[in-house]
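Report on one structure; see the data block that follows.
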Amino acid sequence: MKTRALVIAGLSVLIFFGAIWADHRGTVPVPLVPTAQGHCVLPTALMRREHMMLLRQVREQIVRDDKNDRTDRLTNCIACHVQTNSAGAPIPINQRGQFCAACHTYVGVHLDCFACHATVPQKAVSIANLMGTKGEQAAYSIPRVILQNAPASLSRGHS
Amino acid sequence: MTGDRTDLVSDAAPEEGHDPSRRRLFALAGGAVAAVLTPGVTLFARTLTVGSGKTPVRYGLLIDSTRCTQGCDACVTACQDYNGLSKKITPDTAQWIRKVTVTDPQTGLTRSFPVMCQHCAQATCVDVCPTGASYRRPDGIVLVDKHRCIGCRYCLMACPYKARSFVGRVVKDQKPWAPRGKGTAEACTMCVERVMDGKAPACVTACAERGKKAMVFGNLHDPKSEIAQKLAQFPTTTIRADLGLEPGVHYRGI
């Protein structure tokens, strides 16, 4: 009788502290998302929830519907959200802790945009500069355009 | 869905955000035939629109092989630099433009000129693409939508100009204006980003600045454009004109 009570008590203590320990271990700190310069195309809350819809919608419009004047495109997102290192060089947006990677790591959602798309902005280089040796190191710039033509509403499921 | 080919579209259960009646209106406007099989299932047959029907814009190139010389590769290096392509050509890297030297065995006449995607009006790559990734823009530029490309390489087989490449290895340091990645087909884009900015493609600019001024870019359908006037001035041809693909790249002196 006494042994059984002792075992139960021991187990309870184990479970109690085990739970505390597991809870502590399981807490992943909410990522510190680097802030961008300028204004976003949509309110932050909406962007957090709907940015993939917007990106998909805009990509279809640019690639397939010839709406090349869309400024709310991925390259501009990157240009605005990119961070620079101490030397002033842009840090790839999908690097650990950077704008895209910070959240995507936290929520465990794989993103494959950057298998193809550039991770740092770059100013279009003139062909004359390209021919020289220094053309490739052209700096990037924050796009002048702050977007106004964001869609009025983003419907879920639309691509 | 483009109206480039005759296709039958079965419109089964209406999808979300899809208005079948609007679709029918488009089909009818395009001179098509529609047949309602059962309620909710409609077949549309669209008429073939031939690419040479004059659109306001059709971008093209004119390459003067009488000016192009064998030693010059300004166009090739400019393309590689601008679009971030590998300079080392292996079977799994892409090549958008290459220099070709041909000799007539009977006369010994030798010509050197660049060959790239010919941006055909009747593009075979577009015809064979199973996912609709290969497509032709209304301005005549033939592109790959890499979001849809599954890397089947049918287009590589179909293209008589061997203009398409398959990217077989992980790509790094892409240019923002030229997204490229492993597992997709790609070809010359006629530097569509530059063209949209009102500039000539990188190869044409490089040829003018560092090369032999052998390339002209412009709107083939604008009679006032330099390219249209030159095409009207002297005889030109397209490579394998016998195939009837109506390429947008014209050659002089071959």
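The values are calculated or read from the model by the stated rules, or taken from the named source; none is laboratory data. Being a predicted model, the structure only gives us computed values, none of them experimental. Note that we place each Cβ from the backbone using ideal geometry, even for glycine, and neighbour counts take in every protein chain shown. These accessible areas exclude ligands, DNA and RNA; they are computed on the full protein's heavy atoms, side chains included. Shrake-Rupley method; radii C 1.70, N 1.55, O 1.52, S 1.80 Å.
Which value, in square angstrom to the nearest 100, describes the accessible area buried between chains A and B on both sides, using a 1.4 angstrom probe?
Using a 1.4 Å probe on protein heavy atoms, the buried area is about 2300 Å².
In segment B:174-231, what trypsin sites (Lys or Arg not before Pro) fall in a loop by DSSP, with at most 13 other Cβ atoms inside 10 Å?
Qualifying residues, ordered by number: B:LYS213, B:LYS224.
Between beta-carbons, use under 10 Å as the cut-off and find the net charge around B:PHE234, counting Lys and Arg +1, Asp and Glu -1.
Net of charged neighbours comes to +1.
Starting from the Cα of B:GLU226, step 7 Å toward the Cβ, then list every residue of segment B:162-201 with an amide N under 15 Å from that point.
So the set is B:195, B:198-201.
Positive end of the charge dipole of segment B:59-252 (Lys, Arg +1 and Asp, Glu -1 on Cβ, about the Cα centre): tell me which of B:CYS72, B:VAL102, B:THR131 has its Cα farthest that way.
Result: B:CYS72.
Within 10 Å of each Cβ of A:118-126, how many other protein chain Cβ atoms are there on average?
Per residue, the number of nearby Cβ atoms from other chains is 5 on average.
Using the Cβ atoms and a cut-off under 14 Å, what net charge is assigned to the surroundings of B:ALA214, where Lys and Arg are +1 and Asp and Glu are -1?
In short, +4.
Measure off, as a whole percent, the carbon and sulfur share of the 1.4 Å-probe accessible area of segment A:30-137, all protein chains present.
In segment A:30-137, the share of accessible area belonging to carbon and sulfur is 55 percent.
Segment B:167-205 to segment B:73-147: how many Å between their Cα centroids?
Each part reduced to its Cα centre gives a spacing of 11 Å.
Within a 10 angstrom radius of each residue's Cβ in B:170-181, how many Cβ atoms of other chains show up on average? Whole number is fine.
The mean count of partner-chain Cβ atoms within 10 Å per residue comes to 6.
Treat every Asp and Glu Cβ in segment A:1-119 as -1 and every Lys and Arg Cβ as +1, leave all other atoms uncharged, and give the resulting dipole magnitude about the Cα centre to the nearest 20 debye.
Approximately 520 debye in magnitude.
For the cross-link pairs B:LYS88/B:LYS213; B:LYS87/B:LYS172; B:LYS99/B:LYS146; B:LYS99/B:LYS162; B:LYS146/B:LYS182; B:LYS54/B:LYS230, which exceed 20 Å when the distance is taken from alpha carbon to alpha carbon?
In this structure, B:LYS88/B:LYS213; B:LYS99/B:LYS146 lie more than 20 Å apart at Cα.
Specify the inter-centroid distance of segment B:214-254 and segment A:82-114, based on alpha-carbon positions, in whole Å.
Spelled out, the Cα-based centre of one part sits 46 Å from the other.
Net charge within 9 Å of A:ASP66 by Cβ-Cβ distance, Lys/Arg positive one each and Asp/Glu negative one each, not counting A:ASP66 itself?
Once all neighbours under 9 Å are counted, the net charge is +1.
So, R0 is 25 Å and r is the distance between the beta-carbons of A:VAL13 and A:VAL107; what FRET efficiency does that work out to, to 0.05?
Efficiency for this residue pair is about 0.10.
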